[in-house]
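Taking it in order: structure first as structure tokens, then the write-up.
Every read-out reported here was derived from the displayed coordinates using simple, explicitly stated rules and does not represent laboratory data. None of these values were measured; they are calculated from a predicted model. Reconstructed Cβ throughout: ideal geometry from the backbone, glycine too, with neighbour counts over all protein chains shown.
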Amino acid sequence: MAHADAFQSAPECLRIEGLSKSFGHFTALESIDLSIREGEFVCFLGPSGCGKTTLLRAIAGLELQSRGRIIQQGRDISWLPPQDRDFGIVFQSYALFPNLSVAENIAYGLRNQRRQRQQIQLRVNELLALIDLQGSGSKYPAQLSGGQQQRVALARALATEPGLLLLDEPLSALDARVRLHLRQQIKALQQRLGVTTIMVTHDQEEALTMADRVVVMNHGSIEQIGTPQEIYREPVSPFVASFVGSMNLLKVTVESRQSVHLGKQLLSCQPHDLTGRSVALLAIRPEEIRLLTPVNAMNEADLITAEVRYIEYLGACLRLHCQLEGAQQPVLVDIGQTALDSVQASRGSRVYLQFPESMNRIYAHEGH
Amino acid sequence: MQAATRYLYAPGRLQWLRGESAIRLLALLAALLLMLIGLALPLITMLMKSLQNSSGEFIGLANYRHYFDTPALAGSILNSLKIALISTLIVVGLAFVSAYGLTRTCMPGKKLFRMITLLPILAPSLLPAISLVYMFGNQGYLKGLLQDSSIYGPIGIVLGMCFWVFPHALMILVTALSTSDARMYEAARAMKTPQWRTFLTITLPGIRYGLISCAFVVFTLTITDFGVPKVIGGQYNLLATDIYKQVVGQQNFQMGAVVSVILLLPALFTFIADRWVQRRQTAQLSSRAVPYQPSPSPLRDWMLALFCYAIAGMILLVIGTAIYASFIHFWPYNLSFTLRHYQFDGLGGSGWESWFNSLKMAFSVAVIGTLVIFTNAWLVEKSRDFGWLRQLVHLFAILPMAVPGMVLGLAYIFFFNHPDNPLNVIYGTLTILVLNTLIHFYTVCHLTSMTALKQLDPEFESVGSSLKVPFWTTYTRVTLPVSLPAVLDISVYLFVNAMTTVSAVIFLYGPDTRLASVSVLHLDEAGYFASAAAMAVLILLTSLVVKLLHAGLSWLLLRKAQSWRQR
Ligand SMILES: Nc1ncnc2c1ncn2[C@@H]1O[C@H](COP(=O)(O)OP(=O)(O)OP(=O)(O)O)[C@@H](O)[C@H]1O
Ligand SMILES: [Mg+2]
């Protein structure tokens, strides 16, 4: 929460109103509303084909919207061509110019500003230092590693000090280790420069770790906007719940405003607006489920019994694939090694689960 | 419709259309204008002409009726089809075996063979015909081989066509055969499939589109070629020579237009069929395919090597005959060496002057054509807006392939020689020759450009505009330099074709702009066979030198660019 507050008072950098985009009969974006504040780092997160890139390109002016408006710093830019807008962009492919050296790539936008040769040289050196590539100015892009190329693309986009930085899956072409490292580098750089940044990604971990706010998209519209914590803890729909992190979605029947039936077991849950014995979905994350030892279980109510089908080793924790007794639904439970040892669960054994009330989110069951 | 209305009347549409977008739009419109003037309007004018009588009155299909009622004219259709089909069968067969040898065996001397097979394209199609006369004509040194038949007619035409078209077929089939996936052959070997079955079930199906495409190209080239039948056709009438006879011989322009329309049909048909096949082909090969590496097999390798050497030998024999004939006094009576035929004495504009004209024309076409065609392709491929306009320009760009040179040339007469056309000032000048040649060979250059452009990152332009760099700067600083190999290929292709083409320009040269290839034809017509051979050899040498220069330049550029091309 603290994060979001930091930008509450900042002036608005970008506002998008009722933006839609269709390609022929296909609607790629449906009435998008969004406001981004100065200095914020926003991630567009969503499955492949949900329209993230299209939205980013619309902001850049590379794709013309069918309806709606885009306002940057109070100026309506909806109909301005890209060269009249104020942004820097990094593409997934980096699109570095192969025939120009690293320094020439970075200086590409500067040369056009009628700056003096010396000034340009200074700025290029400054940027090379910023991305940790001093001394590589005369190399060609093909002589750099993927991560280095990525940083050059970033420097090129930042060279002209744009008011808005757009990144389209900047890390997806890199291998996992480099990606982790660059994640921190980009975030640190962004915070140092204070440049408003929008990053497109379909990697939820990337979005959660880097963004001040995450915009979760699905089928061309926004499902939820919020801080990483809000998105993770309080997803507004089963889609967000299952797209961000792992989530058990269990069929339940509504009993009252604060309780549902899972199989025969009555469970307390978060307040919801569903009524009358309708079928609903209960969402709970694997790590939110408590696993009790048989001894502890003796004294507890609200217990759910399940049978362990198999145990998956995830490194930091273990994932139990269980089958709920009575309800015949699969459920995942994440626990640490020590916790598992104390429960002494193994394949085929019976375990006792507890779903804490505060974690039991209830959603309407669509398509029912 | 509704979408279109919304598009046009959207509040900011005009704002969008300022600055760079407006320049792009103008450039695209200019490209379209070029296509209209250089292709569409002349063809339409010709179509109209075929429906008029000699005083310009509309008479419907009367000309066509007259054409089909005259057996001497209509008979050419069958002749043309027959010649084209036979040549296609022979050329595709020979080219397939050769291409197989080049790509699927370890035969020795592949490089040399490829170089020799390139030679025929560097000369006008008149050259093989002239050589064939020296070899099989009445005084020919191989006349005995023909026994009682005459080289003047179908036999000569087919032989000449085969020689001249073979390189085209070979190139297509080599490409088709070398893009097949080695993994399929490994799988077949793992399953112990016999060789002949592998050939029938993997090799042939894998290149079927290449084969079809090759057959189409060969068919079009042979049915539209003019040079070979002009020299060696004798009394055997073909569509292409009929146009020439009607227009130049009898000044019957209406009938020339009718024959042109008829010649346009098979070319148009093969063009459409080829497009259709190409479309089906695209998804053939995955990017993960592994190139096939042949393993040695002495018997097979040597059999194919001998086959290829025989072909190379024949090519060298034909070219050698022309060279030899150009350097001796008078075949077969005085075989002493002379340079006399290269002086073109007393032949007026048919001498060295025409060679200089050709050089000027070819150079202009290479420079202007490359810039215009590549830039237009870039506008089509790399612009974001004006989708319909780009589609239209693209369509016009691939259409010239379907228009035979004779037809295009005649269409230019009708359009540009019209007294009411303000453009008629260019009639008879070098400009019209450049324009005509540029349009005639537009398609291959356009497709080459598109292929090269498609390999570039689609976001170069976006990056440029995000950095507020004008699009033409990105074009000259990045797009052009990176595509330089393709650009050079296009320019040398245009140069060589401009040097060797006869069919389109035969109607268009003026008294001061006679071209070398036209001279070959005139010298041959006038009976100066040795001088005709000399001029043809001169063209061949010129093309060869340019080709070698190009190879050297490409090599230098590639070495210079090695620093950034290496991966
Ligand atoms: N130029 C276009 N013409 C037609 N459809 C398009 C075009 N561009 C995008 N689309 C469609 O719009 C939808 C959204 O595309 P977009 O590229 O924005 O997805 P994305 O969320 O970025 O996905 P990814 O994660 O795969 O990059 C896709 O279904 C795509 O097929
Ligand atoms: Mg995308």
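Go through A:282-288, B:135-141, A:242-248 and give me the packing order, highest mean Cβ count within 10 Å leading.
On the way: A:282-288: 20.6, B:135-141: 16.9, A:242-248: 18.7.
Descending packing order for the listed peptides: A:282-288, A:242-248, B:135-141.
Give the lysines whose C-alpha is closer than 23 Å to that of residue B:111, dropping any in the same chain fewer than 8 places away, or say none.
Straight-line reach from residue B:111, under 23 Å: B:547.
Starting from the Kirkwood Rh over alpha-carbon pairs, what translational D in µm² s⁻¹ does the stretch A:246-364 have by Stokes-Einstein at 4 °C and 1.567 mPa s? Each step should come with its number before you reach the end.
On the way: Rh = 14.5 Å.
So the translational diffusion coefficient is about 90 µm²/s.
Would you mind pulling out the separation of the Cα centroids of the stretch B:301-353 and the stretch A:21-86, in Å?
Cα centroid to Cα centroid, the span is 68 Å.
Any idea what the relative contact order of the stretch A:128-269 is, in percent, if you count C-alpha pairs under 8 Å spaced at least 6 apart? Present the calculation step by step, with values, prior to reporting the outcome.
Working: 137 pairs, mean separation 17.4, N = 142.
Worked out over the stretch A:128-269, it gives 12 percent.
From the convex hull of the Cα coordinates of the stretch B:432-567, what is the mean projected area in square nanometres? The partial results should precede the final answer.
Working: hull surface 42.8 nm².
The directionally averaged projection comes out at 10.7 nm².
Out of all Cα-Cα pairs in the stretch A:43-139, roughly what percent, to the nearest whole number, are more than 19 Å apart? Don't skip to the answer; put the middle values down first.
Values: 2650 of 4656 pairs.
Percent of Cα pairs beyond 19 Å in the stretch A:43-139: 57.
Please sort B:319-330, B:536-547, B:107-118 by packing, taking for each peptide the average over its residues of neighbouring beta carbons within 10 angstrom, highest first. Let's see the in-between values first.
Working: B:319-330: 18.9, B:536-547: 20.8, B:107-118: 16.1.
Put in order of decreasing packing, that is B:536-547, B:319-330, B:107-118.
Excluding residues on the same chain fewer than 8 positions from residue A:187, give the lysines whose Cα lies under 24 Å from its Cα.
A:52
Using only Cα atoms, what Kirkwood radius does chain A have, in angstroms?
Numbers: mean 1/r = 0.0430 Å⁻¹.
Final number for the Kirkwood radius of chain A is 23.3 Å.
Tell me which DSSP H helices of chain B clear both cut-offs, 30 Å or more of axial length from alpha-carbon atoms and a mean Kyte-Doolittle hydropathy of at least -1.0. Provide the component values of the computation, followed by the final result.
Values: long enough: B:71-104 (48 Å, 1.42); B:154-178 (34 Å, 1.89); B:253-281 (41 Å, 0.86); B:298-327 (41 Å, 1.56); B:529-565 (52 Å, 1.16).
Span-like helices here: B:71-104, B:154-178, B:253-281, B:298-327, B:529-565.
I'd like the distance separating the alpha-carbon centroids of the stretch B:109-125 and the stretch A:293-333, in whole Å.
Distance between centres, Cα-based: 76 Å.
What average number of partner chain Cβ atoms lie no more than 10 Å from the Cβ of the residues making up A:57-69? Could the numbers behind the result be given before it?
Details: counts 2, 0, 0, 3, 5, 6, 1, 7, 2, 4, 2, 0, 2.
That average works out to 3.
How big is the stretch B:281-426 by the Kirkwood estimate over distinct Cα pairs, in Å?
22.4 Å
How many Cβ atoms of partner chains, on average, are near each residue of B:477-483 if near means within 10 Å of its Cβ?
Numbers: counts 6, 8, 2, 1, 4, 4, 1.
Mean number of neighbouring Cβ atoms from other chains: 4.
Quick one: compute the contact order of chain A, relative version, from alpha carbon pairs under 8 angstrom and 6+ residues apart, as a percent. All intermediate terms of the calculation are to be shown ahead of the outcome.
On the way: 743 pairs, mean separation 56.4, N = 368.
Computed over chain A, the figure is 15 percent.
Based solely on its DSSP helices, what 222 nm [θ] is calculated for chain B when runs of n ≥ 4 H residues each add -39,500 (n - 2.57) and the sum is averaged over all residues, nearest 500 deg cm²/dmol? Working shown, then result.
Values: 27 runs with 375 residues, N = 567.
Value at 222 nm, helices only: -21500 deg cm²/dmol.
Hey, any idea what Rg/Rh is for the stretch A:152-233, computing Rh the Kirkwood way over Cα pairs?
On the way: Rg = 13.1 Å, Rh = 13.6 Å.
Ratio value, two decimals: 0.96.
Please compute, for the alpha-carbon atoms of chain B, the extent along each of the three principal axes and give them in descending order in Å.
Rounded to whole Å, the extents work out to 82, 73, 47 Å.
Could you order the peptides A:13-23, B:165-175, B:410-420, B:435-445 from most to least packed, using the average number of other C-beta atoms within 10 Å per residue? Before the final figure, lay out each step's value.
Numbers: A:13-23: 18.0, B:165-175: 21.8, B:410-420: 19.7, B:435-445: 23.9.
Put in order of decreasing packing, that is B:435-445, B:165-175, B:410-420, A:13-23.
Could you work out the relative contact order of chain B? I mean the mean sequence separation of Cα pairs under 8 Å and 6+ apart, divided by the number of residues, in percent.
On the way: 752 pairs, mean separation 123.9, N = 567.
Result for chain B is 22 percent.
So what is Rg over Rh here for the stretch B:136-247, counting just Cα atoms and using Kirkwood for Rh? Please list the in-between numbers first.
Values: Rg = 20.2 Å, Rh = 17.0 Å.
In the stretch B:136-247, Rg relative to Rh is 1.19.
Is there a simple number for the mean count of other chain Cβ atoms within 10 Å of the Cβ of residues in A:86-95, and what is it?
Details: counts 2, 2, 3, 6, 3, 7, 1, 4, 3, 11.
Mean number of neighbouring Cβ atoms from other chains: 4.
When each pair of different Cα atoms in the protein assembly as shown is counted once in the 1/r mean, what is the Kirkwood radius in angstroms, to one decimal? Intermediate values should be presented prior to the final figure.
Numbers: mean 1/r = 0.0299 Å⁻¹.
Result for the protein assembly as shown, one decimal place: 33.5 Å.
What residue among B:417, B:350, B:310 has its Cα farthest toward the positive end of the dipole of the stretch B:309-429, where the charges are +1 on Lys, Arg and -1 on Asp, Glu, each on the Cβ?
Farthest towards the positive pole: B:310.
Which distance in Å, rounded to a whole number, links the C-alpha centroids of the stretch B:381-455 and the stretch A:171-230?
So the separation of the two Cα centres works out to 50 Å.
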